[in-house]
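Notes follow the structure.
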């Protein structure tokens, strides 16, 4: 082995050490009002109970659901990182149980208009999340706006939240159809999982999954995994009114128990992700690869 080859092997091993194992999960929905942000927050809290460091990126521009539910007002948001020289740690707000969150603010809407230098800076800054979190949950906006599509196209794991309401089902299908029509969406690299929210019981949830999964598989050739249900639960309504996550103030509620099960399932069934798409750095590079 010559010196040059030896040096290449050393660099390769060093690069392998630097590959992140931070897990990026997007939580999304076809329409607003289906409980997407509540599920993002409560899954984050359940992951914390499993010993994981978690940060939520609130990418729902215009709706500050995460901060309202946490009862905490962030001092800075993503826009301050992008345009006002703030550092990553300055824009992370600590929520209950040590869950961190980043408010997207107006920065989310501006993502599609960044130039190359701004994108490189943003990717560099947000890549620091690798050392701060084991799991990064992206709470996307609802629907099929360009900013939502940007986040979903690159995400290796996506949780689709829907309810039995006909409009929720049709909008969930519309979201997946829009995603499948995006040139940069690679379905072989994206695991799509569904949660049936606000259902009367397991059977209604199973029926909802089978109905949506059948048309998605037939017309879009996309496979979906079923994560389970969050039942209709008055504890969630009470928690929202108190601006507290249900997992914190009603730990024995039926919805909390289901959230525990879903978090445990996700933790025990981790997705195999190509090296180039792993972690927040790989995710962001995929988001912006067409601009670099």
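Residue pairs whose Cβ atoms lie under 7 Å apart, separated by 6 or more positions or on different chains, with the first residue in the stretch 97-113 and farther than 19 Å from residue 137 by Cα and the second assigned to a helix (DSSP H, G or I) and modelled with pLDDT under 80, are 112/146; 112/147; 112/150. If we scan the stretch 176-194, do we find a residue that is part of a helix (DSSP H, G or I) and surrounded by 20 or more Cβ atoms within 10 Å (Cβ to Cβ)? Yes, the stretch 176-194 contains at least one residue that is part of a helix (DSSP H, G or I) and surrounded by 20 or more Cβ atoms within 10 Å (Cβ to Cβ). The number of residues in the stretch 56-74 that are in contact with a strand residue (DSSP E or B) (Cβ under 7 Å, 6 or more places away or on another chain) and free of Cβ contacts under 8 Å to residues at least 40 places away in the same chain comes to 4. Using the structure shown, decide if residue 216 is touching a residue at least 12 places away in the same chain (Cβ under 8 Å), part of a helix (DSSP H, G or I) and either under 28 Å from residue 180 (Cβ atoms) or touching a strand residue (DSSP E or B) at 6+ places or on another chain (Cβ under 7 Å) (or both). In short, yes.
Among the residues here, residue 130 does not qualify as part of a helix (DSSP H, G or I), crowded, with 17+ Cβ neighbours inside 10 Å and in contact with a strand residue (DSSP E or B) (Cβ under 7 Å, 6 or more places away or on another chain). Checking each residue in the stretch 237-292 for being closer than 25 Å to residue 129 by Cα, touching a strand residue (DSSP E or B) at 6+ places or on another chain (Cβ under 6 Å) and either without any contact (Cβ under 8 Å) to a residue 60 or more places away in the chain or surrounded by 19 or more Cβ atoms within 10 Å (Cβ to Cβ) (or both) picks out 262, 280, 283.
Inclusion of residue 104 among residues that are more than 21 Å from residue 263 (Cα to Cα) and touching a strand residue (DSSP E or B) at 6+ places or on another chain (Cβ under 7 Å) is warranted. Taking the conditions (1) buried (at least 20 other Cβ atoms within 10 Å of the Cβ); (2) in contact with a helix residue (DSSP H, G or I) (Cβ under 9 Å, 6 or more places away or on another chain) in turn, residue 205 satisfies each one other than (2).
Elements of the type helices (runs of 4 or more DSSP H) sitting completely within the stretch 231-292 and holding at least 1 residues that are modelled with pLDDT of 95 or more and either under 20 Å from residue 36 (Cβ atoms) or under 21 Å from the mean Cα position of the chain (by Cα) (or both): these cover 234-241, 246-249, 254-268.
When residue 196 is tested against (1) touching a residue at least 24 places away in the same chain (Cβ under 8 Å); (2) closer than 30 Å to residue 122 by Cβ, exactly one condition is not met: (2). Given the structure, is residue 98 on the phi > 0 side of the Ramachandran plot and out of contact with any helix residue (DSSP H, G or I) (no Cβ under 8 Å at 6 or more places or on another chain)? Against the criterion (on the phi > 0 side of the Ramachandran plot and out of contact with any helix residue (DSSP H, G or I) (no Cβ under 8 Å at 6 or more places or on another chain)), residue 98 does not qualify. Answer with yes or no whether residue 154 is over 22 Å from residue 42 (Cα atoms) and either at pLDDT below 85 or in contact with a strand residue (DSSP E or B) (Cβ under 6 Å, 6 or more places away or on another chain) (or both). Against the criterion (over 22 Å from residue 42 (Cα atoms) and either at pLDDT below 85 or in contact with a strand residue (DSSP E or B) (Cβ under 6 Å, 6 or more places away or on another chain) (or both)), residue 154 qualifies.
Determine which single condition residue 205 fails, assuming it passes every other condition in (1) touching a residue at least 12 places away in the same chain (Cβ under 8 Å); (2) within 29 Å of residue 67 (Cβ to Cβ). That leaves (2) as the condition not met.
The values are calculated or read from the model by the stated rules, or taken from the named source; none is laboratory data. Model, not experiment: these values are computed from the prediction. Here Cβ is always computed from backbone atoms with ideal geometry, including for glycine, and neighbour counts include all displayed protein chains.
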